[in-house]
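This report refers to the structure that appears directly beneath it.
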Amino acid sequence: MDHPRTVTLLDGTVRFLADAEETEARILLTEQWIPEGPGPPLHTHPMTEVFHVLEGVVEVLIRPEGADQPEVHRLESGDSHVVPEMAVHTFRPAGEGINKLIAAFSPVGTGEAFFLDAGSPQKGPMRLPDDPHTDPEAVAEVERAMMRHDFLIVDQ
């Protein structure tokens, strides 16, 4: 393996459970720990994404074609939701403390490259970042990384 198994991204952490090399690019399986907060902007990407909540609460927002507002799917521990490829969506960690989830992307597409580009390698056991970066410039850099990797940010 020539990349880190765990990266920090803003105030959260992403651990690769199965990557492109291990799955012949069929699926990227990640564990994510994220504190309560706003989540990424509405976006699309050419991968199906599956959310499965391990602990906490995660709201998955999907804006159906032609709708002005997204539908909110509130997921609690044990709940899952599938977001089809190219669906306008986002998610937000809504539980207090650390929200833990599994996120799978299929095919791997550019999801793995995005996390490696936008994140910073984390050594040691999985944990939230010691020095989270959530200032506007850090958020803007993550959004630029999204665009570099075939994510399209959609106007609210």
Looking only at residues that are within 12 Å of the chain's Cα centre (by Cα), buried (at least 19 other Cβ atoms within 10 Å of the Cβ) and aliphatic (A, V, I, L, M) in region 91-113, which one is nearest to E22 (Cα to Cα)?
A104
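Has region 68-82 got at least one residue that is in a loop (DSSP other than H, G, I, E, B) and aliphatic (A, V, I, L, M)? Outline the logic, then answer.
Restricting attention to region 68-82, the residues satisfying the condition of being in a loop (DSSP other than H, G, I, E, B) are 68-70, 77-79.
Filter once more, so that each one left must be aliphatic (A, V, I, L, M): none.
So far as region 68-82 goes, no, none of its residues is in a loop (DSSP other than H, G, I, E, B) and aliphatic (A, V, I, L, M).
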For region 9-29, enumerate the residues that are surrounded by 16 or more Cβ atoms within 10 Å (Cβ to Cβ) and either free of Cβ contacts under 8 Å to residues at least 24 places away in the same chain or in contact with a helix residue (DSSP H, G or I) (Cβ under 7 Å, 6 or more places away or on another chain) (or both).
L9, L10, V14, D19, A20, L28
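So, T134, is that one among the hydroxyl-bearing types (S, T, Y) and touching a Pro at 6+ places or on another chain (Cβ under 9 Å) or not?
Details: among the hydroxyl-bearing types (S, T, Y): yes; touching a Pro at 6+ places or on another chain (Cβ under 9 Å): no.
It is false that T134 is among the hydroxyl-bearing types (S, T, Y) and touching a Pro at 6+ places or on another chain (Cβ under 9 Å).
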Return the total of residues in region 108-136 being free of Cβ contacts under 8 Å to residues at least 40 places away in the same chain, among the aliphatic types (A, V, I, L, M) and either assigned to a loop (DSSP other than H, G, I, E, B) or under 12 Å from R15 (Cα atoms) (or both).
0
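Can you say whether V60 is over 14 Å from W33 (Cα atoms), aliphatic (A, V, I, L, M) and in a loop (DSSP other than H, G, I, E, B), as far as the supplied structure shows?
Criteria not met by V60.
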Check on L116, in contact with a strand residue (DSSP E or B) (Cβ under 6 Å, 6 or more places away or on another chain) and either closer than 25 Å to L128 by Cβ or buried (at least 17 other Cβ atoms within 10 Å of the Cβ) (or both)
no
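For region 137-155, enumerate the residues that are in a helix (DSSP H, G or I) and in contact (Cβ under 8 Å) with a residue 40 or more places away in the chain.
Pass one, region 137-155, residues in a helix (DSSP H, G or I): 137-148.
Answer for region 137-155, where residues must be in a helix (DSSP H, G or I) and in contact (Cβ under 8 Å) with a residue 40 or more places away in the chain: A138, V139, V142, E143, M146.
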Consider region 51-73. How many of its residues are surrounded by fewer than 17 Cβ atoms within 10 Å (Cβ to Cβ), at pLDDT 95 or above and among the hydrophobic types (A, V, I, L, M, F, W, C)?
2
From E143, E76, which residue is surrounded by fewer than 17 Cβ atoms within 10 Å (Cβ to Cβ), within 15 Å of the chain's Cα centre (by Cα), modelled with pLDDT of 95 or more and acidic (D, E)?
E143
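The values are calculated or read from the model by the stated rules, or taken from the named source; none is laboratory data. Not measured: the values here are computed from a predicted model. FYI the Cβ positions are ideal-geometry reconstructions off the backbone, even for glycines, and counts take in every protein chain you see.
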